[in-house]
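Data first, discussion second: the structure below is written as structure tokens.
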Amino acid sequence: MLDKIKDLAGFNDRPWVKPPPLAQCRIAIVTTAGLHRKGDRPFGPSATATDYRVIPGDTPAADLVMSHQSVNFDRTGFQEDYNVAFPIDRLRELARGKTIGSVADYHYSFMGAATIRKLEPKARELAGLLKQDRVDAVLLTPV
Amino acid sequence: MREHTAAINPPRALWVPYILGRPFGVPNDAAFQRRVLLAVLRLLEVPAGPVLADYPEDAPPPAADEIDGVACPVSFDHAVDERDLGALLAREIEELAPWHDLAVQRRGRTTTGVSGVAQGEAARIIASCLNGAPASNLAGMSAGETLKIVCDDLRAYYYEAAAARPGAPSASAIQRWFWNDTAAGRAFLALQKVCIASNDKSLQVFGGNTLVPRAIMHTLAER
């Protein structure tokens with residue numbers, strides 16, 4: 001399956017974007033850990049899961065939960081400390097220390113098991129939302 | 001996974017040597033996490049790419065007793081009929097409650113509660129399915145989705161409770177304990193058989209793909 005990725009039409013470009021200096025970068029997290037706030041709709045079966053959940057930057061840690069469909073990765077780390085998959089506290093610390101410019105107001109979570117083609121429209125949608133949030137760079141965190 | 005990242009070949013990527021589910025390495029170690037985070041953010045300063053860098057710092061190994069798999073010795077009252085998995089499950093949930101309470105108190109949070117179903121009710125839903133009389137589905141969900149979210153919640157309850165016990169058991173020790181030594185593990189394995197044999201496609205998918213980890217299936221197949 002991995003061998004076929006290079007043959008996907010329209011998947012040969014490697015856009016190289018030079019961001020502002022790190023100390024000026026506004027950073028958002030986009031995770032495929034299937035995270036969301038308690039009370040949000042949980043993620044559905046893998047084949048149809050192209051939707052995402054919004055995680056506002058001020059979401060209390062106690063509200064973060066996981067409904068990823070896969071049972072083949074460790075969840076005890078996230079249960080113990082969400083930063084091991086969603087390092088929002090570490091990003092805030094770097095912003096306070098002026099290592100990065102700022103942390104985005106909104107972060108996003110996918111389940112991440114759908115095909116590239118099915119996910120592409122959502123990825124484009126998200127890119128527009130990130131631009132509106134003045135985000136310079138995205139930290140992608142898979143599990 | 002490194003081979004997936006290499007095939008996708010994104011502009012900037014950092015491979016990390018940690019178990020799946022922990023991309024920033026070590027829970028409750030802010031300094032460790034910060035080092036990983038800085039390493040990946042520094043890739044924004046690389047002048048040309050694509051770049052796939054390898055992060056060199058391993059996570060600390062588990063303690064020796066965790067490797068031996070004896071870190072999670074939970075003892076249960078087995079006065080209940082051993083054949084009644086639903087009753088065993090309900091008893092086990094009760095007996096774990098003090099440890100789960102402690103976990104919530106220490107962490108200030110729990111990752112359970114996604115389904116909105118309490119653990120006792122979850123046990124009843126699972127037992128009903130095992131007994132051939134499935135409970136009602138949760139609103140807007142198929143039978144498979146209902147069981148998936150209920151079982152994941154229950155598993156999170158067990159894992160969080162186990163992690164609160166003395167000895168700080170490792171992730172693999174907790175997983176081995178759950179699947180080898182608990183009524184919940186036995187119930188989940190029985191549920192898997194029921195679901196795979198069902199005519200309901202959603203239950204087949206749930207039982208076949210998203211209930212029992214591949215590593216556990218592999219271990220069971222070798223026995």
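The values are calculated or read from the model by the stated rules, or taken from the named source; none is laboratory data. Predicted, not measured: the structure shown is a model, and the values here were computed from it. In this analysis, Cβ positions are derived from the backbone assuming ideal geometry, glycine residues included, and neighbour counts consider all displayed protein chains.
Structure summary
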| read-out | value |
| --- | --- |
| Number of the exception - A:Gly39 against (1) facing chain B (nearest Cβ under 8 Å); (2) on the phi > 0 side of the Ramachandran plot | (1) |
| Unique match (being crowded, with 18+ Cβ neighbours inside 10 Å, more than 16 Å from the chain's Cα centre (by Cα), within 13 Å of chain B (Cβ to nearest Cβ) and not aromatic (Phe, Trp, Tyr)) among A:Gly97, A:Gly112, A:Gly101 | A:Gly101 |
| Matching residues, the stretch A:60-79, being part of a helix (DSSP H, G or I) and at pLDDT below 95 | A:Ala61, A:Ala62, A:Asp63 |
| Selection status of A:Ile27, within 11 Å of chain B (Cβ to nearest Cβ), within 13 Å of the chain's Cα centre (by Cα) and farther than 30 Å from B:Asp101 by Cα | yes |
| Residue among B:Ser128, B:Ser172 that alone is hydroxyl-bearing (Ser, Thr, Tyr), out of contact with any helix residue (DSSP H, G or I) (no Cβ under 6 Å at 6 or more places or on another chain) and closer than 27 Å to B:Pro62 by Cα | B:Ser172 |
| The lone exception for B:Ala7 - which of (1) assigned to a loop (DSSP other than H, G, I, E, B); (2) modelled with pLDDT under 95; (3) closer than 30 Å to A:Met1 by Cα it fails | (1) |
| Subset of the stretch A:84-97 (residues that are part of a helix (DSSP H, G or I) and either among the aromatic types (Phe, Trp, Tyr) or closer than 14 Å to A:His36 by Cα (or both)) | A:Ile88 |
| Helices (runs of 4 or more DSSP H) fully within the stretch B:117-187 counting 2 or more residues that are aromatic (Phe, Trp, Tyr) | B:143-164, B:171-181 |
| Residues of the stretch B:167-215 classified as surrounded by fewer than 21 Cβ atoms within 10 Å (Cβ to Cβ), within 14 Å of the chain's Cα centre (by Cα) and aliphatic (A, V, I, L, M), total | 2 |
| Residue in the stretch A:46-59 that is facing chain B (nearest Cβ under 9 Å) and within 30 Å of B:Gln204 (Cα to Cα) present | yes |
| Close pairs (8 angstrom Cβ cut-off, 6 or more residues apart or separate chains): more than 7 Å from chain A (Cβ to nearest Cβ) in the stretch B:31-53, aliphatic (A, V, I, L, M) and part of a loop (DSSP other than H, G, I, E, B) anywhere | B:Phe32/B:Val26; B:Phe32/B:Ala59; B:Val36/B:Val16 |
| Number of the condition not met by B:Leu220 [criteria: (1) within 25 Å of B:Met141 (Cβ to Cβ); (2) more than 10 Å from chain A (Cβ to nearest Cβ); (3) part of a helix (DSSP H, G or I)] | (1) |
| Criterion: within 7 Å of another protein chain (Cβ to nearest Cβ), surrounded by fewer than 14 Cβ atoms within 10 Å (Cβ to Cβ) and out of contact with any Cys (no Cβ under 9 Å at 6 or more places or on another chain) - qualifying residue of A:Leu22, A:Leu2 | A:Leu2 |
| Members of the stretch B:147-169 that are over 22 Å from B:Asp84 (Cβ atoms) and of a type in the set (Ser, Thr, Tyr) | B:Tyr159 |
| Long-range neighbours under 6 Å by Cβ, at least six apart or interchain, first residue more than 14 Å from chain B (Cβ to nearest Cβ) within the stretch A:123-143, second surrounded by fewer than 15 Cβ atoms within 10 Å (Cβ to Cβ) and in a loop (DSSP other than H, G, I, E, B) | A:Asp133/A:Asp105 |
| Hits in the stretch A:65-84 (condition: within 7 Å of chain B (Cβ to nearest Cβ), within 16 Å of the chain's Cα centre (by Cα) and either in contact (Cβ under 8 Å) with a residue 12 or more places away in the chain or within 19 Å of B:Gly207 (Cβ to Cβ) (or both)) | A:Val65, A:Met66, A:Ser67, A:Phe78 |
